[in-house]
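One structure is given below, encoded as structure tokens.
The values are calculated or read from the model by the stated rules, or taken from the named source; none is laboratory data. These figures come from a predicted structure and were not determined experimentally. Reconstructed Cβ throughout: ideal geometry from the backbone, glycine too, with neighbour counts over all protein chains shown. Just so you know, the surface numbers come from the protein's heavy atoms only, side chains and all, with ligands and any DNA or RNA stripped out. Shrake-Rupley method; radii C 1.70, N 1.55, O 1.52, S 1.80 Å.
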Amino acid sequence: MSASGGTKAIVAALAANLAIAAAKFVAFLFSGSSSMLAESVHSVADSGNQGLLLLGGKRAQREATPQHPFGYGRERYIYAFLVSIVLFSVGGMFAIYEGYEKIKHPHEITDWYWPIGVLVFAIIAEAFSFRTAIKESNALRGKLTWTQFVRRAKAPELPVVLLEDLGALVGLILALCGVSLALATGNGVWDGIGTLCIGVLLIVIAVVLAAETKSLLLGEAAGTEEVEKIKAALVDGDVVTRIIHMRTLHLGPEELLVAAKIAVQHEDTAADVAAAIDAAESRIREAVPIARVIYLEPDIYDESLATGAAGDKTPGGSGH
């Protein structure tokens, strides 16, 4: 996923949420519906979240410094994690509180056409935003299922927007059901129940987002496909005879660190080894362009010591 990957989806979601938030607030003022108030706050929180994602993407592009020699790529993960916190607190907890208050103190919805009209408009706008996010994601997810894409994506923006838009659409349907039942029965408790359901939904999505971005913050290895490409590029069968062990780490969505101990021949000169390492680095970067930071340590492979280093993923891999 490129550095700008998901930007179109974020901007589309931001524009939709700002328009929807304004419409929902107007509908709440005229109707007094707690579902509309919860949805208004939800849209405001989502708008802020999209702003955070755009800010994170911008700040992550800063050049490396002596204090941060590997750059600021992970800043995108930090802002994505902040999104989950905002969604949980501002969106989910507020909706649960508002739903509880409405159930405890129900009142009739007035000017019913305002909430119904705004909810229909919001569903259409969110569907457009969701469609944009799906289209952007389809260009990247390949044969992965949607669950696999959300769990494996190294760039957090599209999974965040996808889950937010999905939650917004389901939340709008819940709000529409709550308002409709309240109008049909004349009992405002249904409006409160719809609001509670929205709150629970937002909290579940926030927890999923927090879990996924926490994994990215801790540091994830390259995907299986990238790892296999790197292994294939490392060994040339001449000077570099095998991989003793290797580690990969995402420094950001588009920057991968590769560290490996490689086996060379006893009779190879220092010049031969240096040239082989340079060639191996070139092959790795050609095979996996995001592998920008590469550290290769040459060693002499000894079969008698091949007991398998801790965490070694290469069968029989060990060196001196």
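When the label point is put 7 Å from the Cα of THR110 along its Cα-to-beta-carbon vector, which residues of segment 178-200 have a backbone N closer than 11 Å?
Within reach of a label on THR110, which here means backbone N under 11 Å from a point 7 Å along Cα→Cβ, segment 178-200 contributes nothing.
How much of the accessible area of the chain, in percent, comes from carbon and sulfur atoms when a 1.4 Å probe is used?
Of the solvent-accessible surface of the chain, carbon and sulfur hold 64 percent.
Need the full-extension length gain, VAL208 to ARG62, defined as separation in residues times 0.36 nm minus the C-alpha distance. One decimal, nm. Please list the in-between numbers first.
On the way: separation 146, 0.36 × 146 = 52.56 nm, distance 2.87 nm.
Result for the pair: 49.7 nm of gain on full extension.
How large is the helix-only mean residue ellipticity at 222 nm for the chain, computed as the sum of -39500 (n - 2.57) over DSSP H runs with n ≥ 4, divided by its residue count, in deg cm²/dmol to the nearest 500?
-21500 deg cm²/dmol
Going highest first, how would you order 205-214, 293-302 by mean Cβ packing within 10 Å? Mind showing how you got there, number by number?
Working: 205-214: 18.8, 293-302: 15.9.
Put in order of decreasing packing, that is 205-214, 293-302.
Looking at the chain only, what percent of DSSP beta bridges run antiparallel? Nearest 5 please. Please list the in-between numbers first.
Numbers: 10 of 19 bridges.
Antiparallel: roughly 55 percent of the beta bridges in the chain.
Normalised by the number of residues in the chain, what is the relative contact order in percent for Cα pairs under 8 Å and 6+ residues apart?
Details: 555 pairs, mean separation 63.1, N = 320.
Once divided by the residue count of the chain, the mean separation gives 20 percent.
Quote the relative contact order of segment 100-203 in percent (integer), defining contacts as alpha-carbon pairs under 8 Å separated by 6+ residues.
Answer for segment 100-203 is 45 percent.
Taking only protein heavy atoms into account and a 1.4 Å probe, give the accessible area per residue of the chain in Å².
Working: 15050 Å² over 320 residues.
Dividing the accessible area of the chain by its residue count gives 47 Å².
Please compute the contact order of segment 1-156 in relative form: average sequence separation of alpha-carbon pairs under 8 Å and at least six residues apart, divided by the residue count, as a percent. Each step should come with its number before you reach the end.
On the way: 156 pairs, mean separation 54.6, N = 156.
Across segment 1-156, relative contact order equals 35 percent.
Could you pull the accessible area for ARG131 with a 1.4 Å probe, rounded to 10 Å²?
Its accessible surface works out to 150 Å², give or take rounding.
Could you give the length gained on full extension between ALA274 and ASP299, defined as 0.36 nm per residue of separation minus the Cα-Cα distance, in nm? Walk me through the intermediate numbers first.
On the way: separation 25, 0.36 × 25 = 9.00 nm, distance 1.23 nm.
Here the answer is 7.8 nm.
Starting from the Cα-Cα distance between GLU267 and LEU249, subtract it from 0.36 nm times their residue separation and give me the gain in nm to one decimal.
On the way: separation 18, 0.36 × 18 = 6.48 nm, distance 3.24 nm.
The span from GLU267 to LEU249 would gain 3.2 nm if fully extended.
I'd like the distance separating the alpha-carbon centroids of segment 125-156 and segment 66-93, in whole Å.
Between the Cα centres of segment 125-156 and segment 66-93 lies a distance of 20 Å.
Mind counting lysine pairs for me in the chain? Cα separation below 23 Å, and the two need to be 8 or more apart along the chain or on different chains.
Total qualifying Lys-Lys pairs in the chain comes to 23.
How many nm is it between the label spots at VAL227 and SER89, if each spot is 7 Å from the Cα in line with the beta carbon?
Going by the 7 Å Cα→Cβ label model, 3.6 nm.
For the peptides 163-175, 228-240, what is the packing order when you average, over each peptide's residues, the other Cβ atoms within 10 Å and list the highest mean first?
On the way: 163-175: 23.2, 228-240: 16.8.
Answer by packing, highest mean first, reads 163-175, 228-240.
Most mobile of GLY223, GLY73, GLY48 per a Gaussian network model of the chain (Cα springs, under 10 Å)?
Result for the chain, Cα springs under 10 Å: GLY223 fluctuates most.
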